[in-house]
Amino acid sequence: MDIQALWLTLKLAASTTAILLVIALPLAWWIASGRSVARALVQAFVALPLVLPPTVLGFYLLILLGPLTLPGRMLIRMFGHPLAFSFGGLLVGSLLYSLPFAVQPLVAGFKAVDTGYVEAAEGLGVRPLRVFLSVVLPLARASLLTSAVLAFTHTVGEFGVVLMLGGNIPGATRTLSISLYDQVQEFNYGAANRTALLLLSISLAALLAIYLVPALRKAEGRQADVAG
Amino acid sequence: MGVVSLNVNFALTQPWTVLFGPSGSGKTTVLRAIAGFVLPDDGRIEAASGVYFDSVARIFVSPHKRAVRSAGQMARLFPHMTVLRNIIYGAGSTSKPDDVRQISSEVIASFGLRKLEQRMSHDLSGGERQRASVARALVSAITFDGLGKPLLLLDEPLAGLDLAMRDQVVAELKRWTEQWKIPVVSVTHALGEAFQLEAEVLKIGDGKVLQQGPVASVLAEERQQLLRQLRGQDSPS
């Protein structure tokens, strides 16, 4: 078992999920709260990683973050080393690659919140930020869980972007999915089997969280109703 | 779907004004425009605290910044909060928590909601939800942060109540708003309610204000019609 790869994968997935939620919450609320050309354009760009081959995204990021471009040179000056082939580079790639998985469930969740509740709160003089935090977000909490779980698991499973942008450096950029690839290349099927099983378990646990938590909560609510 | 053309021009002169008119005459739209949820094509909406809307000067004040508090046709109690938390939700932020508790408690008692305080919205009947919704807007108006008191907009919030309960809630509402000097604009279909309030009445029909004045003169004809109907039903056929 490649413990180093497991640790790196979990660190990458947790960091990506945390940062993505901070970005995705306001972005999704803005997209969901109206209709405009700007919103449609932003939505299209956010969804791009869903249809783009991961290697294409990885390639462009490799160029953008490298010394050939102005932003790349600025980042090199800021960090003292190129972001490509480092954890920071992987993080940037993961953020872009998993962005739609964080944003789209939230957009759907926010759109499903009855605008009557927002009006009721605004009609009491409550500021929009508080309306969002105290009314919209609690009513869309199921989509928040879906968003976090999908962003996490999608990052755990990414391969193409990681390989293009991070290479395969043990401890720095070698994630579980790359490690699995290496193990198969070395015909070490026993180790590959263990890694694959671990990845499968993570994905399954995440999906169970998405589907089981709301079902259990509903069952609990029914029991409380009966008891009441 | 028909397009409703609404062209109204009026000033509020009395503490309580009732918008009276048939369904689809635009009463709700008038309230929603005052609250800031509907953007009129053109015109001007002005309050003591300033201009809320002016199509020429391109002014539009966001709903939460207007000195207006609303309770709509639908109760819209927040489903993830208890009745009590709903009622104190819109309390002004500069009010002392003890004052908010005291006022909420009194409003809750006067609206007959005491036993329902810890219930969730889905455990209430339609009428109970409506009473809680009016209580929520009233507490928000009483504890208003700004100078003076806000305009309270009530869009048929008591339509689902039985007559006895409606009379009681209307009487309590009248007492509270008079005590705290909160101006009210309400929409109603109920003739009895308009007379009970002794309010100024704005009769709206065909998308415009047909008449404005004291309830006894503006709704005299409707009252006569109702009395004739009642007598007709009473007399043996």
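The values are calculated or read from the model by the stated rules, or taken from the named source; none is laboratory data. Computed from a predicted structure; not experimentally measured. So basically every Cβ, Gly included, is an ideal-geometry build from the backbone, and we count neighbours across all protein chains shown.
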Legend entry - Boolean, residue A:27 is under 17 Å from residue A:91 (Cβ atoms), at pLDDT 90 or above and surrounded by 15 or more Cβ atoms within 10 Å (Cβ to Cβ): no
Inset, instruction - Look through region A:135-171, keep the residues that are in contact (Cβ under 8 Å) with a residue 40 or more places away in the chain, of a type in the set (Gly, Ala, Ser) and over 20 Å from residue A:84 (Cα atoms), and return whichever of them is nearest to the other protein chains (Cβ to nearest Cβ). - result: A:142
Legend entry - Test for residue A:42: is it modelled with pLDDT of 95 or more and either over 13 Å from the mean Cα position of the chain (by Cα) or β-branched (Val, Ile, Thr) (or both): yes
Inset, instruction - Go through B:138, B:153 for me and flag whichever is under 16 Å from residue B:18 (Cα atoms) and either at pLDDT 95 or above or aromatic (Phe, Trp, Tyr) (or both). - result: B:153
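Residue by residue, here is whether (1) more than 30 Å from residue B:70 (Cβ to Cβ); (2) without any contact (Cβ under 8 Å) to a residue 24 or more places away in the chain; (3) within 14 Å of another protein chain (Cβ to nearest Cβ) holds:
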{"residue": "A:54", "(1), (2), (3)": "yes, no, no"}
{"residue": "A:71", "(1), (2), (3)": "yes, yes, no"}
{"residue": "A:80", "(1), (2), (3)": "yes, yes, no"}
{"residue": "A:85", "(1), (2), (3)": "yes, no, no"}
{"residue": "A:95", "(1), (2), (3)": "yes, no, no"}
{"residue": "A:115", "(1), (2), (3)": "no, yes, yes"}
Legend entry - Selected residue (criterion: nearest to the other protein chains (Cβ to nearest Cβ)) from residues of region B:52-61 that are part of a loop (DSSP other than H, G, I, E, B) and in contact with an Asp or Glu (Cβ under 9 Å, 6 or more places away or on another chain): B:55
Legend entry - Single residue of region B:62-121 satisfying the filter (among the polar types (S, T, N, Q) and surrounded by fewer than 15 Cβ atoms within 10 Å (Cβ to Cβ)) that is farthest from the other protein chains (Cβ to nearest Cβ): B:102
Legend entry - Scope region A:49-75; condition more than 19 Å from residue A:178 (Cα to Cα) and polar (S, T, N, Q); matching residues: A:69
Legend entry - Residue list for region B:29-51, filter: assigned to a loop (DSSP other than H, G, I, E, B), within 22 Å of residue B:156 (Cα to Cα) and either within 18 Å of the chain's Cα centre (by Cα) or within 14 Å of chain A (Cβ to nearest Cβ) (or both): B:36, B:37, B:38, B:39
Legend entry - Options B:155, B:145; residue that is surrounded by 15 or more Cβ atoms within 10 Å (Cβ to Cβ) and within 14 Å of chain A (Cβ to nearest Cβ): B:155
Inset, instruction - Might you let me know whether region A:137-154 holds any residue that is assigned to a helix (DSSP H, G or I), out of contact with any Lys or Arg (no Cβ under 8 Å at 6 or more places or on another chain) and farther than 29 Å from residue A:23 by Cα? - result: no
Inset, instruction - Can you confirm whether region B:109-132 contains a residue that is closer than 14 Å to residue A:124 by Cβ and modelled with pLDDT of 90 or more? - result: yes
Legend entry - Every residue from region A:64-87 that is charged (D, E, K, R) and surrounded by 11 or more Cβ atoms within 10 Å (Cβ to Cβ): A:73
Legend entry - Candidate set from region A:119-131 (those that are in a helix (DSSP H, G or I), surrounded by 21 or more Cβ atoms within 10 Å (Cβ to Cβ) and in contact with a helix residue (DSSP H, G or I) (Cβ under 7 Å, 6 or more places away or on another chain)); member that is farthest from the other protein chains (Cβ to nearest Cβ): A:121
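Okay, residues lined up against (1) modelled with pLDDT of 95 or more; (2) over 21 Å from the mean Cα position of the chain (by Cα):
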position	(1), (2)
A:65	no, no
A:69	no, yes
A:72	no, yes
A:80	no, yes
A:89	no, no
A:93	no, no
A:103	yes, no
A:131	yes, yes
